[in-house]
1. Out of the residues in segment 269-326 that are touching a strand residue (DSSP E or B) at 6+ places or on another chain (Cβ under 9 Å), part of a strand (DSSP E or B) and hydroxyl-bearing (Ser, Thr, Tyr), which is most open to solvent (accessible area, probe 1.4 Å)?
2. Across segment 229-251, what is the number of residues that are open to solvent by 80 Å² or more (accessible area, probe 1.4 Å) and under 22 Å from Ser303 (Cβ atoms)?
3. Could you check how many residues of segment 63-108 are more than 23 Å from the chain's Cα centre (by Cα), surrounded by fewer than 18 Cβ atoms within 10 Å (Cβ to Cβ) and of a type outside the set (A, V, I, L, M, F, W, C)?
4. Check whether at least one residue in segment 181-196 is in a loop (DSSP other than H, G, I, E, B) and among the hydrophobic types (A, V, I, L, M, F, W, C), and report yes or no.
5. Only one residue in Leu257, Leu270, Leu297, Leu233 is within 30 Å of Glu160 (Cβ to Cβ) and of a type in the set (A, V, I, L, M). Which one?
6. I need the full set of residues from segment 327-373 which are open to solvent by 90 Å² or more (accessible area, probe 1.4 Å), closer than 23 Å to Phe151 by Cβ and at pLDDT 95 or above, in order please.
7. Has segment 133-144 got at least one residue that is at pLDDT below 95 and of a type in the set (Lys, Arg)?
8. Could you run through segment 133-175 and say how many residues are crowded, with 17+ Cβ neighbours inside 10 Å and assigned to a loop (DSSP other than H, G, I, E, B)?
Amino acid sequence: MSDIDNKFMKAALNQARRGLGRTSPNPAVGAVIVRKGRIIASGYHKKAGLPHAEVEALKKIGNDIQKDDILYVTLEPCNHYGKTPPCTSAILDSGIRKVVVGSKDPNPGVQGGGCEFLRENGVEVVAGIMEKECCRLNEVFFKYISARRPFVIVKSALTEDGWSATATGDSKWITSDKSRQFVHRLRDNVDAVMVGVGTVLSDDPLLTTRLKRGRRGRDPVRVIVDTGLRTPLKANVLNHDSSAETIMVVGPQVSSLDIGRYKKKGISVLVCPTREGRIDLGSLMDMLGKMPVTSLLVEGGASIIGSMIRERLVDKFYIFKSPRILGGDDGIPMAKGPGAREIGDCISLKEVQFRRFDDDMLTVGYPVFQTDF
């Protein structure tokens, strides 16, 4: 690994980030072509079904490939037919003789095949450049392709003393406008956002993406966990004009007559198994994965978040802390239900990052589950 390779792989990563939130169920991939130490073409995968990053970069220079040109790509080139032809064929046809790869493709059916095919056909392949960064960029794809379940992100906003709402359920607004804008960017990058019926009843949220400065956001699919189907037909999530559907997740005891009222409004209803009177969230993750929903942002409420944590369904946390103090013990916590009995059994966060939005502090981390609660 050299500083030069890192430099150009960073450029490819920057290209790949342009496709985040737009390529599902495919990964976000970026590519650059380098000639004599200078980038002469770049590309990224824009949307599932459209050309991949390597092809986007190659078509910008046409037949003008020189023998010392190098292709840098964040993910191993595909070697199979999908909605598009294999990128390995495009690379061979172009005349590129050296390819530098960030991370291998984790798909069990194709892992390593692209690199091996290129080597077998005389192309020099260097793999593993900035591998950790390239894998992290596609953490959603890597989780989904291995587990066929969505990558689950839990977002919560808390007062300095740890409450997500007052005793009356009021939570508008704990955090600053800048923090809330960041959450809208999160929504813009995920396939779906999920809340429980309690959040709908108390906040009546839209669960849409509303970006500032004229940027057009993409609305995620809105998933409402509502075992007994108590969501009012006039709720915002059922009536607000959105480019994405709303899915009501209900238990098997809900009558077909009640379900029919929601379907008449164009609302999708997903009947899910229950456990101890509540939606079986593990089964729900399997069902969402088959749709396919590859990434899921869980925004509440406390019961849903508590259950997701206890069932080890969370892959990443975004926890905002605001410099406000509730000043009592009657607020609503981030998570409800039984927690760890001893401090040593608490969930630890790894690869922790901190960001500041005005006076708010955001903690981002990946959970390390020590033991069952």
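1. Only one residue fits best here, namely Tyr318.
2. Final tally of qualifying residues: 1.
3. 13
4. Within segment 181-196, one or more residues are in a loop (DSSP other than H, G, I, E, B) and among the hydrophobic types (A, V, I, L, M, F, W, C).
5. Leu297
6. Hits for segment 327-373 are Lys350, Gln353, Phe354, Arg355.
7. no
8. Qualifying residue count for the region: 8.
The values are calculated or read from the model by the stated rules, or taken from the named source; none is laboratory data. Note that the structure is a prediction, hence the values are computed from the model and not measured. Cβ coordinates were reconstructed from backbone atoms using ideal geometry, including for glycine residues, and neighbour counts include every protein chain displayed. Surface accessibility is based on the protein's heavy atoms, side chains included, excluding ligands, DNA and RNA. Shrake-Rupley method; radii C 1.70, N 1.55, O 1.52, S 1.80 Å.
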